[in-house]
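Heads up, the thing below is written out as structure tokens.
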Amino acid sequence: MQYFKELFQKVDNGSVNLETVEQLLSDFNLDVAMFDEYKNETDEYLRIPIYEGNYSVYVMKWPMNGKSTIHEHRNISGVIKVLRGKIQENSFLYDGVLNKLVLKEKLNYSTGSIIIEEVNAIHQVINVSEHEDALTLHVYFPSARNLEGSRLFNVQDKKIGVLNEKASSFNWSQPAFGFSEIIIKSFDYVEEC
Ligand SMILES: [Fe+2]
């Protein structure tokens with residue numbers, strides 16, 4: 001794990017962008033065994049902090065059928081590398097005028113794949129592996145320390161949560177002080193794929 005931290009520290013020169021991070025993650029082959037300690041530890045979703053500087057690096061562990069909240073990356077880009085397992089990414093568009101959340105695309109990725117998280121993208125990550133948990137490596141820049149303005153969408157309850165600067169993750173389960181606003185019954189949901 002130390003190797004990992006040093007690697008990100010070395011290339012943290014303040015001028016990271018999508019291309020340089022994508023290249024970095026494509027170029028190195030990780031020994032996934034270094035994360036074995038997390039394999040059977042728990043069935044829960046885990047976020048393991050790796051590095052925090054001009055950008056944030058995490059490894060995430062997804063239990064079988066585990067999925068992220070539908071979330072927006074307001075002013076933050078990211079690159080994900082699938083370290084183990086099969087991942088499905090659902091991409092959405094939110095139309096604030098028509099008050100509609102639209103599922104636009106479902107894409108599937110396997111071990112070694114790179115997923116780009118564009119600025120202001122709205123998406124959801126799902127572990128669709130048949131028999132195992134999944135591991136993904138995430139690089140966010142600028143640093144994901146401030147998630148202010150990003151929105152979370154709950155399709156079942158039709159609610160939107162707007163995160164503030166105290167938010168710690170793209171997750172409904174965090175304390176209420178991480179939200180600046182929660183809007184109930186606020187949108188229609190449509191699948192276009
Ligand atoms: Fe994301």
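Could you tell me whether any residue of segment 137-159 is part of a loop (DSSP other than H, G, I, E, B), away from the ligand (no atom under 16 Å from the Cβ) and within 30 Å of Ala33 (Cβ to Cβ)?
There is no residue in segment 137-159 that is part of a loop (DSSP other than H, G, I, E, B), away from the ligand (no atom under 16 Å from the Cβ) and within 30 Å of Ala33 (Cβ to Cβ).
Which condition does Val162 not pass, out of (1) modelled with pLDDT of 95 or more; (2) under 28 Å from Thr20 (Cβ atoms); (3) not polar (S, T, N, Q), if it passes all the others?
(2)
Exactly one of (1) in contact with a Ser or Thr (Cβ under 7 Å, 6 or more places away or on another chain); (2) in contact (Cβ under 8 Å) with a residue 60 or more places away in the chain is unmet by Glu191. Its number?
Unmet condition: (1).
Using the structure shown, decide if Phe8 is away from the ligand (no atom under 16 Å from the Cβ), over 29 Å from Asn164 (Cα atoms) and of a type in the set (A, V, I, L, M, F, W, C).
Criteria not met by Phe8.
Considering only residues of segment 15-65 that are farther than 12 Å from Leu135 by Cα and of a type in the set (A, V, I, L, M, F, W, C), which is surrounded by the most Cβ atoms within 10 Å (Cβ to Cβ)?
Selected residue: Val57.
Can you list residue pairs whose Cβ atoms sit under 6 Å apart, with the first residue in segment 43-54 being farther than 17 Å from Asn171 by Cβ and modelled with pLDDT of 85 or more and the second being assigned to a loop (DSSP other than H, G, I, E, B) and of a type in the set (Asp, Glu)? Count only pairs 6 or more apart in sequence or on different chains.
Listed pairs, sorted by first residue: Gly53/Asp12.
For segment 125-133, indicate whether the set of residues that are surrounded by 13 or more Cβ atoms within 10 Å (Cβ to Cβ), outside any loop (DSSP other than H, G, I, E, B) and of a type in the set (D, E, K, R) is non-empty.
Within segment 125-133 (the criterion being surrounded by 13 or more Cβ atoms within 10 Å (Cβ to Cβ), outside any loop (DSSP other than H, G, I, E, B) and of a type in the set (D, E, K, R)), the answer is no, since none of the residues qualifies.
Yes/no matrix, rows are residues, columns are (1) of a type outside the set (A, V, I, L, M, F, W, C); (2) within 14 Å of the ligand (Cβ to nearest atom):
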| site | (1), (2) |
| --- | --- |
| Ser56 | yes, yes |
| Ile70 | no, yes |
| Arg74 | yes, yes |
| Lys86 | yes, no |
| Lys104 | yes, no |
| Tyr109 | yes, yes |
| Ile115 | no, yes |
| Ile122 | no, yes |
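Residue-wise test of (1) more than 19 Å from His123 (Cβ to Cβ); (2) modelled with pLDDT of 95 or more; (3) out of contact with any Pro (no Cβ under 8 Å at 6 or more places or on another chain).
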{"residue": "Phe35", "(1), (2), (3)": "yes, no, yes"}
{"residue": "Lys61", "(1), (2), (3)": "no, no, yes"}
{"residue": "Asn65", "(1), (2), (3)": "no, no, yes"}
{"residue": "Arg84", "(1), (2), (3)": "yes, no, yes"}
{"residue": "Tyr94", "(1), (2), (3)": "no, yes, yes"}
{"residue": "Lys104", "(1), (2), (3)": "no, yes, yes"}
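Name the one entry in Phe187, Phe153, Phe141, Phe170 that is over 22 Å from Tyr45 (Cβ atoms), at pLDDT 90 or above and surrounded by 17 or more Cβ atoms within 10 Å (Cβ to Cβ).
That would be Phe187, the only listed residue that is over 22 Å from Tyr45 (Cβ atoms), at pLDDT 90 or above and surrounded by 17 or more Cβ atoms within 10 Å (Cβ to Cβ).
The values are calculated or read from the model by the stated rules, or taken from the named source; none is laboratory data. Since this is a predicted model, take the numbers as computed values, not measurements. Because the Cβ atoms are built from the backbone with ideal geometry, glycine has one as well, and the counts that use them run over all protein chains shown.
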